[in-house]
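Undergrad: Let me begin by handing over the structure; questions about it come next.
Nothing in this text is a laboratory measurement; each read-out follows from the coordinates by a stated rule. Keep in mind the model is a prediction, meaning the values are calculated, not measured. Neighbour counts run over all protein chains shown; Cβ positions are idealised from the backbone, glycine included.
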Amino acid sequence: MRTFGNLSPKMCHILESSGIPSSLAVLGDVALDRYVLGSVERLSREAPIPVVLERNVRCNPGCAGNAAMNLEGLGCRVRIVGVVGRDVEAAELEGAFARCGIRYHLLPSRSCTILKTRIVAGRQQLLRVDRGVPESLDAQDRNTLIEWCRKGAEEGVRGWILSDYGYGVCDDTVCAGILQVVPAETPVIVDPRGSDWSKYKGAFVLIPNLQELSEAAGRKVPNEDTAVVNAADEVRRRFALNNLLVTRSEAGMTLLGAEGHLHVEAEKREVFDVSGAGDTVTATLAALLAAGISLEEATHVANRAAGLVVQKAGTRPIGIDELAASYGAFGERRIQRKTVTREEAILIVEDWKAQGLTVVATNGCFDALHAGHLFALREARRQGNRLLVAVNTDRSVRELKGEARPLFPLEARLAVLAALEMVDLVVAFDQTTPEALYQALRPHVLVKGEEYRERSLPEATWVDRVVFLPRLEGISTSRIEERLQSILGEAR
């Protein structure tokens with residue numbers, strides 16, 4: 001097993017494995033995050049406001065749903081319970097959870113599903129529109145939620161998240177009921193709201209941000225180490241809480257318990273969007289605690305996860321691959337995940353575009369990778385933020401090059417390309433040109449060799465621009481094949 005920095009052997013094993021297989025549950029306020037993505041080209045004539053030309057609309061689970069998606073991304077077995085309305089947004093949430101294999105129980109007891117709509121132009125969020133207000137649960141709904149949690153505890157759930165966004169699910173009765181049915185040795189992690197935290201008594205750790213700590217303390221708490229420790233200790237004692245992990249934006253995190261405190265500095269990264277970063281911290285900490293990682297080490301890793309997620313557009317879950325990569329844990333599993341199907345590639349490229357990234361595509365047989373290929377791939381990667389490589393299948397190579405080719409089967413060619421750091425995604429296509437694939441993907445940039453400048457390129461129809469690269473003279477797979485045959489002939 002490899003080691004990564006000062007991480008424990010158990011944490012290193014998690015990074016090298018396929019994720020954290022523990023069973024975890026989330027209860028809380030579920031929302032749908034909707035992103036209207038577009039561009040601004042002019043101001044309105046009606047008022048001095050930008051006119052957004054809509055390009056795409058993307059939806060994903062938010063609030064407690066985002067915590068569940070983060071757990072799923074870390075490889076956990078996840079279940080979630082919450083309250084929704086009887087509307088299309090509830091159906092979208094159910095579909096999103098079902099596609100990820102998350103077990104869900106959404107009570108249709110709200111007047112409407114909580115919806116947060118963000119208007120985004122390029123990489124700039126212009127406006128957020130929220131729908132939904134706090135609503136109290138009736139006695140039957142409370143009992144249903146508590147019984148669902150009791151069943152989860154009996155089925156071996158090893159970690160719990162109470163995701164309280166103040167919309168009414170995590171009231172005093174529900175929180176007290178859950179903390180009673182969950183075994184004492186099972187960690188309960190709380191994302192708190194409000195000024196009265198007595199309902200969370202018995203939870204293992206609460207994860208407030210600085211504003212939430214200030215509300216509970218009854219005063220504004222400066223973002224300074226001593227002030228945060230004093231306020232957190234005061235709140236912890238007042239409500240008889242076990243541990244607090246205060247997230248402090250650029251100042252990092254402060255963990256405080258009965259035995260003392262720990263300050264963790266924030267990782268220096270470009271911050272693009274802080275939406276959902278708190279859910280990432282909560283989910284990462286819960287998953288690691290359920291896997292037996294100490295609270296102190298889990299705090300350091302959760303801090304790393306938060307630093308990664310703020311670089312993404314919108315509420316985006318962290319994945320075990322991303323977390324592993326940040327520690328240098330590049331293994332075979334990570335390489336294999338670069339090789340995807342056409343359908344998977346469409347979803348990934350759509351996601352890249354939603355983040356405002358420039359997607360570059362290039363294609364070929366890539367039979368016997370050589371210096372010319374490496375030069376072209378390296379230069380292609382410099383044309384944008386992500387590089388997708390489309391590879392001819394064995395059948396289409398034979399159609400183009402003859403029955404003696406390819407020299408290596410498709411699986412071997414894909415594996416070699418996926419192992420290259422400059423390549424972000426590899427996908428096979430079965431036609432002689434990648435036109436149909438590019439029509440589905442719509443990459444921004446197509447990179448080809450200079451020899452294609454005067455040839456017909458039907459795939460160029462589906463990209464914004466084409467870049468032609470000079471060819472390294474005397475280097476080609478055909479030349480390599482001829483040279484090998486010559487050597488073999490001389491040997492005979």
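Undergrad: If I take all pairs of Cα atoms in the chain, what percentage of them are more than 32 Å from each other?
TA: Numbers: 59423 of 120786 pairs.
Percentage above 32 Å: 49.
Undergrad: Label points 7 Å out from Cα along the Cβ direction at Glu267 and Asn6: separation in nm?
TA: My value for the distance between the label points is 1.6 nm.
Undergrad: At 20 °C and 1.002 mPa s, grab the translational diffusion coefficient of the range 338-491 from Stokes-Einstein with a Kirkwood Rh over Cα pairs, rounded to a whole number in µm² per second.
TA: Values: Rh = 16.0 Å.
Rounded, D is 134 µm²/s.
Undergrad: A follow-up question, please. Is there a pair in Lys353/Lys401; Lys151/Lys353; Lys338/Lys448; Lys116/Lys353; Lys10/Lys116; Lys116/Lys199 whose C-alpha atoms are over 32 Å apart, and which pairs would that be? Working shown, then result.
TA: Numbers: Lys353/Lys401 34 Å; Lys151/Lys353 41 Å; Lys338/Lys448 21 Å; Lys116/Lys353 21 Å; Lys10/Lys116 38 Å; Lys116/Lys199 27 Å.
Table pairs above 32 Å Cα-Cα are Lys353/Lys401; Lys151/Lys353; Lys10/Lys116.
Undergrad: Normalised radius of gyration for the range 12-110, please: alpha carbon Rg relative to 2.2 N^0.38 Å, two decimal places.
TA: My calculation over the Cα atoms of the range 12-110 gives 1.42.
Undergrad: Same structure, new question: Return the percentage of antiparallel bridges among DSSP beta bridges fully within the chain, rounded to the nearest 5 %.
TA: That works out to approximately 35 percent antiparallel.
Undergrad: Largest first and in whole Å, give the semi-axes of the range 78-184's equivalent ellipsoid, each being the square root of 5 times a Cα gyration tensor eigenvalue.
TA: They are 27, 17, 14 Å, listed from largest to smallest.
Undergrad: Please list, in order, the residues from the range 421-442 whose amide nitrogen is less than 20 Å from a point placed 7 Å along the Cα→Cβ vector of Glu411.
TA: 426-430
Undergrad: Beyond 20 Å, what percent of the Cα pairs of the range 74-138 remain?
TA: Cα-Cα pairs of the range 74-138 separated by over 20 Å account for 43 percent.
Undergrad: For the chain, with only Lys/Arg (+1) and Asp/Glu (-1) charged at the beta-carbon, what is the dipole magnitude about the Cα centre, in debye rounded to 20?
TA: Around 620 debye, computed over the chain.
Undergrad: With unit charges on the beta carbon (Lys/Arg positive, Asp/Glu negative), name the residue among Gly95, Ala227, Val182 whose Cα is farthest towards the positive pole of the charge dipole of the range 9-330.
TA: Checked the options; the winner is Gly95.
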